[in-house]
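I have placed the structure first, in the form of structure tokens, so that the comments after it can refer back to it.
The values are calculated or read from the model by the stated rules, or taken from the named source; none is laboratory data. None of these values were measured; they are calculated from a predicted model. FYI the Cβ positions are ideal-geometry reconstructions off the backbone, even for glycines, and counts take in every protein chain you see.
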Amino acid sequence: MHLADSVWAAIERHLFADSRGQRFGKPRVGRWYDFTRIPGRARSHTRRAKWETFRLHGTLSGHRQAYTGADGRFFQPRAMRPVPAPGGCWWSHEGSLVMVFTGLGAGDLALPVRLPASPSNQPILDHHLSDPDRWHKVDLVRRRDPVAAGGWRYEAHLMVLTTPYVSPGTARRRATAARESAGRKAGVDVNVSNVTVASHENGEDLRITRIERYAGDGEDTRRRAAKKRRRERALERSRRAANPGQYHLSRRQQERAQRRADAGRPPQAVIPKGPRKSRSDGKALQAYRDRLSRSYRRGRAALAAEAASTAQAKRDHARRIAGAIVLRHGLRPAVEECSLSAWARRWGRSLHAFSPGMLLTAIQREAVATATQACLSGGLLRASTRTTALSQHCLCGRRVEKTLTDRVHRCPLCGLVGDRDAVSATLAAHLVFMDPADPSTAAVDFFAAGASLQCPATREILRNTLELAAPGRQDAPSESTAPTALDGSSAGDTWRTPSAAAMVARRNVGTALRPTPDETVPCGRTTPDRARMRTDLSPPRGNKLPSLRDSS
Ligand SMILES: [Zn+2]
């Protein structure tokens, strides 16, 4: 039914105009390659014994009982044992876990479930599987895996209605952060080459943390990049070898072939190293119809798997740093709104440990999780650059003009000296909001900021940040080139902006110039399903129904 739903959504967008009066193109059959998920239907939580399509039967304790060895250790054999239905009825089955698909002509399909057997995984299994009432639905998913036969790994994904698992270590860290740092006010300064976080407690105990863009570029990143280049070269060689007719010979190969011909020797088969044969406008003569060898397909899957694991490593890295930042700087960091998409273009393909957007998202998530655990409020606060101009002010309130290349802040009035990003982050830590959800209500509390200058340690700490100013990247501008709140791709922007003035569609997710009707409800929280672009089914002006409307 969910498949039918998604097909209908595409047809609906083609048949009926959306809120701007535009219709989408004819739905096309997608690629086999992109079809990776068959959604199952959710089970009923009000009627007993009502699962549809794919169901999960059995219990975790029954599974552990069935697979506990003589030494008392939980294990999973190489080939799982078949699970019979007790008396032909699955509803009374309480043994090992089994996924069942009923309604087939040849009887039920019962696939035994394999659980991770290592001791470190057992608390996670307990969290998700111990209460069968919370099991919700099962999707069938395939994902690319170069090691699996055929290049695909097939999995059944169980959705469980519960909170995410939090390890005891993480819970302890969050409890510590809530206890020790909840009173701190923090500010974040983001620019292309680094992220600077500063925080204080009532104007005292200033702490500054700098995360360099290239900090994670160690041996590991270089090794990954080299491996990727090696794989890409191997793929290119393989493609050229399988389709020699599509490439020119390189000049050296041509000269060599000429020499052989002159000497009267037969031509030699080589892998052509020249450019691809193409038309005058640069388009390949034969695109997309190359012959690809089996090893090419394997190599391509390996490359994709490697890219996925690199992305995962980056996310993990960002999450670890976010954990440390929230622990040290508190639960409500304020950040200036800035356009990350403009930076993304500048960052290009150069190596980086993580992007600032990824780090801000991780900080937001960690702050919310920490606050939720301690029953406090937390998360990133966004401030509009128009009202604050943090990089152009001093803590004493004096405007200190700086160009993009000025890395050092020197105030002629109070004599404060420091790295410009550190001063800017410290100023962000003194932001106050009339309405925390509205970026344009942010203002710097210069009274409190000036008071914090009275604390001698503040000047000392900021002066010490001068050594941070030196290794900054001079070839890149150190601040946003398009600091506008109207550009939807804002820092850490994972929620909707409630302010009417700033309520615009994000440029990178859709083409709508204004929100779709579902989103105009004040304080209305849209579900992801409702938030996508929908057809406007309200009668158009003149109350004339569109001709394609089904009025039955
Ligand atoms: Zn000053």
Practice task
Would you mind stating whether residue 120 is under 19 Å from residue 319 (Cβ atoms) and modelled with pLDDT of 90 or more?
Solution key: yes
Fill in the blank from the handout: Selection from the range 211-228 of residues surrounded by 18 or more Cβ atoms within 10 Å (Cβ to Cβ) and at pLDDT 80 or above yields 211
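For the range 285-299, which residues satisfy the criterion of being in contact (Cβ under 8 Å) with a residue 60 or more places away in the chain and either part of a loop (DSSP other than H, G, I, E, B) or closer than 22 Å to residue 221 by Cβ (or both)?
If the condition is that a residue be in contact (Cβ under 8 Å) with a residue 60 or more places away in the chain and either part of a loop (DSSP other than H, G, I, E, B) or closer than 22 Å to residue 221 by Cβ (or both), then 299 is the only one that fits.
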Exercise for the section: Would you be able to say whether some residue in the range 32-39 is surrounded by 16 or more Cβ atoms within 10 Å (Cβ to Cβ), assigned to a loop (DSSP other than H, G, I, E, B) and not basic (Lys, Arg)? Expected result: yes
Problem - Boolean, residue 73 is at pLDDT 90 or above, within 26 Å of residue 122 (Cβ to Cβ) and either surrounded by 16 or more Cβ atoms within 10 Å (Cβ to Cβ) or not small (Gly, Ala, Ser) (or both) - result: yes
Handout entry: Out of 171, 198, 156, sole residue that is surrounded by 14 or more Cβ atoms within 10 Å (Cβ to Cβ), out of contact with any Ser or Thr (no Cβ under 8 Å at 6 or more places or on another chain) and among the small types (Gly, Ala, Ser)
Key = 156
Practice task
Return the pairs, sorted by first residue and then second, in which the second residue is of a type in the set (Asp, Glu), the first residue lies in the range 133-155 and is within 30 Å of residue 295 (Cα to Cα), the beta carbons are less than 8 Å apart, and the residues are 6+ apart or on different chains.
Solution key: 140/155; 141/155; 142/155; 143/155; 151/145; 152/145; 153/145
Handout entry: Top-ranked residue in the range 384-431 [being among the β-branched types (Val, Ile, Thr) and within 15 Å of residue 190 (Cβ to Cβ); ranked as surrounded by the most Cβ atoms within 10 Å (Cβ to Cβ)]
Key = 426
Completion exercise
Going through the range 129-167 in order, the residues found to be closer than 20 Å to residue 109 by Cα and not hydrophobic (A, V, I, L, M, F, W, C) are 136, 137, 139, 142, 153, 154, 155, 157
Exercise for the section: With respect to residue 441, determine if the residue is more than 13 Å from the ligand (Cβ to nearest atom), touching a Lys or Arg at 6+ places or on another chain (Cβ under 7 Å) and either closer than 17 Å to residue 332 by Cα or not assigned by TED's automatic domain parsing to the domain that holds residue 323 (or both). Expected result: no
Handout entry: 1 or more residues touching a residue at least 60 places away in the same chain (Cβ under 8 Å) and away from the ligand (no atom under 16 Å from the Cβ): qualifying strands (runs of 3 or more DSSP E) within the range 351-425
Key = 381-383
Completion exercise
Given (1) within 28 Å of the chain's Cα centre (by Cα); (2) surrounded by fewer than 17 Cβ atoms within 10 Å (Cβ to Cβ), residue 135 misses just (2)
Handout entry: Unique match (being in a helix (DSSP H, G or I), among the hydroxyl-bearing types (Ser, Thr, Tyr) and over 30 Å from residue 375 (Cβ atoms)) among 176, 221, 170
Key = 221
